[in-house]
Amino acid sequence: MASIEELARTSEFGKILNRVAGEHGSEVVEVLLGKEESTDEEIANETGIRLNLVRKILYDLYDNRVVDYRRTRDEDTGWYTYRWHVEPDRALELMEKNKRTLLEKFKERLKHERETMFFSCGNDCPRVEFEEAMERGFECPQCGERMEEFDNSGIVNALERQIETLEQELTGS
């Protein structure tokens, strides 16, 4: 399995981080990977992201257990300083959890694609299921053209390949 540093630099993991923590989530994690620990102010200075947004991102990442912090108190001022770091095992767990969720969605979609007959007019209009096509007399609901059965074998094949790839990634083979 790839190290957390290698994984974090993949676009797939970056997308997951951005989904979890907003559009700059991967940037914040990238900064944290380069150091043992960083404060929110250091991250804001390094990324150019506003401090309050960095804090929100860190809290979102913390809620998903991708990052953790160590709190220290300044004896002179009494203020607390939070030093943030990536939790590699938890970040990898998030990635695996996301893959398992995606795999289940692909399997559900594949089942639907195999069990459903679709119809399309052949234009750029969306395809419809048999029941809707029949209710509309096989006329496209958008353009009024005659609809014919839609060959979804390409979609089925693509889903099967994606499922196979995800299953291989999850089993490590």
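The values are calculated or read from the model by the stated rules, or taken from the named source; none is laboratory data. Just so it is clear, the model here is predicted, and its values are computed rather than measured. For neighbour counting, all protein chains shown are included, and Cβ atoms are generated from backbone atoms with ideal geometry for every residue, glycine included. What goes into the accessible areas is simple: the full protein's heavy atoms, side chains included, and nothing from ligands, DNA or RNA. Shrake-Rupley method; radii C 1.70, N 1.55, O 1.52, S 1.80 Å.
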Problem - Residues located in region 139-155, provided they are open to solvent by less than 50 Å² (accessible area, probe 1.4 Å) and over 28 Å from residue 103 (Cβ atoms) - result: 140, 144, 147
Practice task
Scan region 123-155 for residues that are in contact (Cβ under 8 Å) with a residue 12 or more places away in the chain, over 22 Å from residue 110 (Cα atoms) and assigned to a loop (DSSP other than H, G, I, E, B) and report the count.
Solution key: 8
Exercise for the section: Could you pull out the residue among 102, 94, 33, 61 that is of a type outside the set (D, E, K, R), over 17 Å from the mean Cα position of the chain (by Cα) and under 14 Å from residue 13 (Cα atoms)? Expected result: 33
Problem - Which numbered condition residue 158 fails, given (1) small (Gly, Ala, Ser); (2) open to solvent by 60 Å² or more (accessible area, probe 1.4 Å); (3) under 24 Å from residue 99 (Cβ atoms) - result: (2)
Practice task
For region 27-50, enumerate the residues that are free of Cβ contacts under 8 Å to residues at least 40 places away in the same chain, under 15 Å from residue 84 (Cβ atoms) and of a type outside the set (D, E, K, R).
Solution key: 28, 31, 34, 44, 45, 47, 49
Problem - The lone exception for residue 54 - which of (1) over 13 Å from residue 84 (Cβ atoms); (2) open to solvent by less than 50 Å² (accessible area, probe 1.4 Å); (3) modelled with pLDDT of 90 or more it fails - result: (1)
Fill in the blank from the handout: The lone condition residue 94 fails out of (1) modelled with pLDDT of 90 or more; (2) out of contact with any strand residue (DSSP E or B) (no Cβ under 6 Å at 6 or more places or on another chain); (3) farther than 18 Å from residue 161 by Cα is (1)
Exercise for the section: Scan region 67-83 and give yes if some residue there is of a type in the set (Phe, Trp, Tyr), touching a Ser or Thr at 6+ places or on another chain (Cβ under 8 Å) and over 21 Å from residue 16 (Cα atoms), otherwise no. Expected result: yes
Exercise for the section: Look at residue 106 and say whether it is within 30 Å of residue 26 (Cα to Cα), of a type outside the set (Lys, Arg), open to solvent by less than 50 Å² (accessible area, probe 1.4 Å) and modelled with pLDDT of 95 or more. Expected result: yes
Practice task
Kindly list, by first and then second residue, each pair from a residue in region 51-71 that is at positive phi to a residue that is open to solvent by 60 Å² or more (accessible area, probe 1.4 Å), limited to pairs with Cβ atoms under 8 Å and residues at least 6 apart or on different chains.
Solution key: 65/90; 65/93
Fill in the blank from the handout: The residue that is nearest to residue 162 (Cα to Cα), considering only those in region 64-82 that are open to solvent by 60 Å² or more (accessible area, probe 1.4 Å) and charged (D, E, K, R), is 65
